[in-house]
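Right, one structure below, let's go through it.
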Amino acid sequence: MCGIVGYVGKKTAQDILINGLKRLEYRGYDSAGIATLDEDANPHCARSVGKIAELEKVLAAKPHEGKIGIGHTRWATHGGVTVNNAHPHRAGDVFLVHNGIIENYKELKAKLSDHEFKSDTDTEVLAALIDSYYKGKATLADAVAKALSEVRGTYGIIAFSPREPEQLVVARFGSPLIVGLGKDETIIASDASALLGYTRNAIYLNDGELAICTRDDIDLRNLKLESIKAKPEEIQGDAEQIQKGGYDHFLLKEIMEQPTTLHNTLSGRINVKQGTMRLGGFNLTPKELREIEHVVIVGCGTAYYAGLLASYYIEQIVPDVTTEVVIASEYRYRSFHLPKHSVALIVSQSGETADTLACLREIKQRGAKVFGIVNVVGSTIAREVDGGSYVYAGPEISVASTKAFTSQVATMLIFAGMLSEAHGGNRETIAKLATELDALPDEIAKTLETCAPIMKELAGKYCKYDDALYLGRDTAFPIALEGALKLKEISYIHAEGYATGELKHGPIALVDSTYFEVFNILKGRLFEKSIGGLQEVRARGGKAIVLTDAPESLDIEADDIVRIDTKFELLTPILLNTLQQLFAYYVAVARGNDVDQPRNLAKSVTVE
Ligand code: F6R
């Protein structure tokens, strides 16, 4: 989603802003712009539609020299993708970049008849509102605070004015902003990755906070402009993690680095000898763990599917605990009831997803404890939960989530193991889970290595199809959903995930020779039933790819079969999913798509 960068210091602002915006490209955007003030406090603004390279062409013709400025990548919400709708917006002396949505912008616009609007955006309305209060003795900070007190919605903003040419005014409600404190410079960004390499020292703004930032000072206030004590924190990660590291795309890098990132997820949390597992951040006593009767898992998209998969395992290994997995955008508006002794797992890679965050707050208000399963360190969800664990997958740059999914599932499986232990679950099963989790990074490495060429070849064979069904039973069902999501996101092939047993209840009507089906089939108790679904599809002319851990001795008839060789009894679905990730990647490449920044998508969905 939209990205924000601001700079005030001794260097040329344009370079830092463009570099920062490039670091935020992965979030998804459709236009970009910067505004700066030169040495004589004259404003300059450049905006363009499309990639940052387009903005660079505009700037190459007329470079900006100033040492203070703001930049933005826009993901259109109000108004189409046009230069006029791109940020920064100007109203009088106020220049503004904004992430989020001003819900009452029409109401506010109606009161601002003096301003001649040039865009369709809610942001220009906010700029005009600030400008309307920027009169007489009012400072920019006064005007921003006054305007924000009238706003309903979410925002992360940076404003500046030629009348106060040495400062940026920054404020946040519901949309992240981080103020990096460098030597003789202050850099602001909506995502810590834009600050890496400049400074590790930063203030994460909380909702309702405003900061007046100069080259060497941060004056932190609330919206009544009362002073607040700032608590600088260390930014995690390093600039190398956000490079492609020799791969053609971030997506392939992130798929291939799963053995390492998963190792980081598991590190120090599994004791294979004792057959035990611990997640420190859950800060629950054995008694509190024992008292849990109901676990609700909340997420969106891939995070939701990670939760769904985890719920199958929790049910399998934890006696007497009920799990419920919910889609955040639905749950937040449902009249849900949480039984006594409920806890919630809030699953989010970015830690900023608006709907997931809203659920966290609703659930907390109803008195249940909320625990985060979050990747981005210092993100809003991580800061608002009662406890939880980072998944430590490292920065995930490609829009489609891969390594975060695997690490989310693994983290929730550790939680399942802890819960099972406290509830007197079967010790052998817990020990088996510990052993398989410990071996998972190596099994994934083996699967990726042996199967990448096979999945590439299959992608070449199926990349011209327009429709696909992904199917699976039991723990392979959430995997089927995730496989279909991955394919549609990056290849734009229409793909749907179904439980194999649901075929006869509707989707089989679609099957003909123009569709292909991906069957995730596990050996074991539901093998025969899964094969039944496969036969039904083939009898109707459907092309079937089977992904399976079944040995050659188990006969399977399909157009293509990819067999993985593993001794796993529990975690095979995670291995099958890595095949699906590779398949989606290679199909998207074969179709010539922008793999890392698929159309219409954003990495971090900070608006509803
Ligand atoms: C799919 C994908 C999305 C996200 C979803 C939730 O590849 O990336 O479906 O999983 O937007 O995002 P987070 O995990 O950041 O809350």
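The values are calculated or read from the model by the stated rules, or taken from the named source; none is laboratory data. Keep in mind it's a predicted model, so treat the numbers as computed, not measured. Neighbour counts are summed over all protein chains in view; Cβ atoms, including those assigned to glycine, are modelled from backbone coordinates with ideal geometry. Areas reflect the complete protein model, heavy atoms only, side chains present, ligands, DNA and RNA absent. Shrake-Rupley method; radii C 1.70, N 1.55, O 1.52, S 1.80 Å.
Points worth noting:
- Candidate set from the range 92-106 (those that are of a type in the set (A, V, I, L, M, F, W, C) and either modelled with pLDDT under 95 or farther than 18 Å from GLY156 by Cα (or both)); member that is surrounded by the most Cβ atoms within 10 Å (Cβ to Cβ): ILE102
- Looking at GLY136, GLY156, GLY182, just one residue is of a type outside the set (Val, Ile, Thr) and free of Cβ contacts under 8 Å to residues at least 60 places away in the same chain, and that residue is GLY136.
- Among the residues listed as ALA368, ALA328, the single one being within 16 Å of the ligand (Cβ to nearest atom) and among the small types (Gly, Ala, Ser): ALA328
- Within this structure, VAL399 passes the test of being within 15 Å of the ligand (Cβ to nearest atom) and within 29 Å of ALA584 (Cα to Cα).
- Of all residues assigned to the range 570-577, at least one qualifies as being away from the ligand (no atom under 14 Å from the Cβ), open to solvent by 10 Å² or more (accessible area, probe 1.4 Å), in contact (Cβ under 8 Å) with a residue 40 or more places away in the chain and assigned by TED's automatic domain parsing to the domain that holds ILE414.
- Test for VAL562: is it in contact with a Leu (Cβ under 8 Å, 6 or more places away or on another chain), aliphatic (A, V, I, L, M) and not in a loop (DSSP other than H, G, I, E, B): yes
- Restricting ILE297, ILE255, ILE292 to those that are surrounded by 15 or more Cβ atoms within 10 Å (Cβ to Cβ), within 16 Å of the ligand (Cβ to nearest atom) and closer than 25 Å to HIS341 by Cα reduces the list to ILE297.
- For the range 26-47, filtering for residues that are in contact (Cβ under 8 Å) with a residue 40 or more places away in the chain, open to solvent by less than 40 Å² (accessible area, probe 1.4 Å) and in contact with a helix residue (DSSP H, G or I) (Cβ under 8 Å, 6 or more places away or on another chain) leaves 4.
- Taking (1) assigned to a loop (DSSP other than H, G, I, E, B); (2) within 16 Å of the ligand (Cβ to nearest atom) in turn, PRO319 satisfies each apart from (2).
- Meets criteria (closer than 23 Å to LYS529 by Cβ and either within 16 Å of the ligand (Cβ to nearest atom) or in contact with a Leu (Cβ under 9 Å, 6 or more places away or on another chain) (or both)) for ASP474: yes
- If the condition is being under 19 Å from LEU251 (Cβ atoms) and without any contact (Cβ under 8 Å) to a residue 24 or more places away in the chain, then the range 452-483 contributes PRO453, GLU457.
- Scanning the range 333-365 for residues that are of a type outside the set (Asp, Glu) and within 13 Å of the ligand (Cβ to nearest atom) yields a count of 14.
- With a requirement of 2 or more residues that are modelled with pLDDT of 95 or more and open to solvent by 30 Å² or more (accessible area, probe 1.4 Å), the strands (runs of 3 or more DSSP E) lying completely within the range 477-550 that satisfy it span 494-499.
- Per the listing TYR304, TYR313, the residue uniquely within 16 Å of the ligand (Cβ to nearest atom), in the same structural domain as THR353 (by TED's automatic domain parsing) and either among the β-branched types (Val, Ile, Thr) or not in a loop (DSSP other than H, G, I, E, B) (or both) is TYR304.
- Only one of ARG215, ARG152, ARG163 that is surrounded by fewer than 15 Cβ atoms within 10 Å (Cβ to Cβ) and within 23 Å of HIS44 (Cβ to Cβ): ARG163
- Of all residues making up the range 283-292, the number that are within 30 Å of the chain's Cα centre (by Cα) and within 11 Å of LEU419 (Cβ to Cβ): 3
- Filter result for VAL125 (touching a strand residue (DSSP E or B) at 6+ places or on another chain (Cβ under 8 Å) and open to solvent by 10 Å² or more (accessible area, probe 1.4 Å)): no
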